[in-house]
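The values are calculated or read from the model by the stated rules, or taken from the named source; none is laboratory data. Keep in mind the model is a prediction, meaning the values are calculated, not measured. We place every Cβ from the backbone using ideal geometry, glycine too, and count neighbours over all the protein chains shown. Note: areas computed on protein heavy atoms with side chains; ligands, DNA, RNA excluded. Shrake-Rupley method; radii C 1.70, N 1.55, O 1.52, S 1.80 Å.
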Amino acid sequence: MIANRYPEKELDSSNIAILNGILIAMNLRKKEMDISISVNLPSFTIGPDAYDDIKKYAGFAGEKVAIIGGQTALEKALPRLKPAIQAAGLTITAIEWYGGEASYSNIDHLAALNQVQAADMIFAVGGGRAIDTGKTVSAKLEKPVFTFPTIASNCAPTSAVCVLYNDDHESAGSYRLHAPAVHSFSDSTIIAEAPEQYIWAGIGDAISKEMEVSFSAEGRELAYNNTIGVHIVQGANQRVLKNGLAALEAAKAHQESPAIDNILFEILGTTSYTSVLVDHDYNGHFAHSFYYGVTVLPQGERHLHGEIVSYGVLIVLQLAKKYDELKEIRDFMISVGLPTSLKALEIESDEDLKTVLDKAFTLDHIQTSPFEINRQMVEEAIRKVEKLNHSFDAL
């Protein structure tokens, strides 16, 4: 049995049985530290007939399903999802809007609903915030969760991390499940029909993982799970760069494409494998600190997670003095329209940038680095990234 803690709140039981589906579950005894390591890898199906596998991967969990999702996501998914649920021999106890934000108040509201409590499992449908809401509700109720992404904007469907927010949309940090969803079902037809901005943002988020994890782990003796997590993500950026533009072109045309599938494998597969394997210390760096900082600004609501993170990637590459990678990634970002300037994120004043950095430095991402990084170094890195644009004078 493994203890499960709901952020800032205790679950009714201190121990839960991990029902979340696992491709690999290993307990490795580390003799020198006398602790065990549990490795729970994502399990997923990607393709136009993904929902046909519901019985195969969810049938063991019971007969009753509560669906939690975004409004648009439910409109798009339910015409294909309901027949698949029926064909799997399952019944629906509830179809609930997630509330518009992955917040504690929405999570508590959904978890208190009798029809949600009556279900044997949770189906989380939509984008990252809807899915992270469903994942956290499942943890609070000690029920297995299955995810059904309708857009490809981040790795939430297959990650064990839940990014949470306050009701005012400012970041409230993250909550890590003990395992990812039992299984994720990605209907590539639905994802191809979504606005291309979502896979565009997913590409921006995906390019952060290899760089952030590798930089955080550089020069360190790593435990087994961290070593494997770092190795798995190597080469991911080259594959994203190879397929990114073609995937966006297919998404704009709302056509299924091998390029879209290849990008989904990186977003929902590679990056999530690494996210699940590595410890918190190695799971992010300043690219994500920068994102959390931007959520404090009103204009942060007008920009997607991966869009903001991608600019943060440039900052970290500058800090790491990896100039060849910086040029390669930046050139790719320009080719697909990802932001390479603060102006593109509507951060055009010293005051706004100060607000972003004030929030960013409340987080612990940069504490795990190959060398000590302070605020002055980050500010200097931003200056140098901005100098590449010859367009930002406030600094």
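Annotations
- Within region 104-135, restricting attention to residues that are over 16 Å from the mean Cα position of the chain (by Cα) and of a type in the set (S, T, Y), the residue that is surrounded by the fewest Cβ atoms within 10 Å (Cβ to Cβ) is S105.
- Region 350-385: number of residues that are more than 22 Å from the chain's Cα centre (by Cα), among the polar types (S, T, N, Q) and surrounded by 13 or more Cβ atoms within 10 Å (Cβ to Cβ): 1
- Residues of region 228-239 satisfying the condition of being open to solvent by 50 Å² or more (accessible area, probe 1.4 Å), out of contact with any Phe, Trp or Tyr (no Cβ under 7 Å at 6 or more places or on another chain) and within 14 Å of V278 (Cα to Cα): I228, H231, Q234
- Hits in region 195-244 - residues which are assigned to a helix (DSSP H, G or I) and free of Cβ contacts under 8 Å to residues at least 24 places away in the same chain: S214, T227, H231, Q238, K242, N243
- Taking the listed residues E328, E348, the one that is among the charged types (D, E, K, R) and assigned to a loop (DSSP other than H, G, I, E, B) is E348, with no other qualifying.
Let's see how each residue does on (1) in contact (Cβ under 8 Å) with a residue 12 or more places away in the chain; (2) among the aromatic types (F, W, Y); (3) within 25 Å of I199 (Cβ to Cβ):
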position	(1), (2), (3)
I334	no, no, yes
D350	yes, no, no
D358	yes, no, no
F361	yes, yes, no
K387	no, no, no
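- Counted residues, region 99-125 - those being assigned to a loop (DSSP other than H, G, I, E, B), within 19 Å of H183 (Cα to Cα) and touching a helix residue (DSSP H, G or I) at 6+ places or on another chain (Cβ under 7 Å): 1
- Residue within region 243-262 that is open to solvent by 10 Å² or more (accessible area, probe 1.4 Å) and within 28 Å of I37 (Cβ to Cβ) present: no
- Boolean, D49 is within 30 Å of I263 (Cβ to Cβ) and among the charged types (D, E, K, R): yes
- Within region 159-170, residues that are within 10 Å of S103 (Cβ to Cβ) and at pLDDT 85 or above reach partners that are open to solvent by less than 50 Å² (accessible area, probe 1.4 Å) and hydrophobic (A, V, I, L, M, F, W, C) with beta carbons closer than 9 Å, at six or more positions or on different chains, in the pairs L164/A102; L164/I107; L164/A172; Y165/A102; Y165/A172; N166/A172.
- Region 163-184, residues that are in a strand (DSSP E or B) and buried (at least 24 other Cβ atoms within 10 Å of the Cβ): H183, S184
- Of the residues D364, D358, the single one that is at pLDDT below 95 and among the acidic types (D, E) is D364.
- Any hit, region 201-222, residues being open to solvent by less than 20 Å² (accessible area, probe 1.4 Å) and farther than 25 Å from I382 by Cβ: no
- Filtered residue count, region 331-390, keeping only those that are among the basic types (K, R) and under 30 Å from E221 (Cβ atoms): 1
- Taken together, the criteria place V296 among residues that are closer than 26 Å to S341 by Cα and not in a helix (DSSP H, G or I).
- Scanning region 340-349 for residues that are crowded, with 20+ Cβ neighbours inside 10 Å and not β-branched (V, I, T) yields L342, L345.
A quick yes/no check of all residues on (1) in a helix (DSSP H, G or I); (2) at pLDDT 95 or above; (3) open to solvent by 40 Å² or more (accessible area, probe 1.4 Å); (4) under 28 Å from D187 (Cβ atoms):
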{"site": "S272", "(1), (2), (3), (4)": "yes, no, no, yes"}
{"site": "V276", "(1), (2), (3), (4)": "yes, no, no, yes"}
{"site": "V309", "(1), (2), (3), (4)": "yes, yes, no, yes"}
{"site": "L314", "(1), (2), (3), (4)": "yes, yes, no, no"}
{"site": "D324", "(1), (2), (3), (4)": "yes, yes, yes, no"}
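- Single match in G21, G99 (criterion: among the small types (G, A, S), modelled with pLDDT under 95 and closer than 29 Å to E266 by Cα): G21
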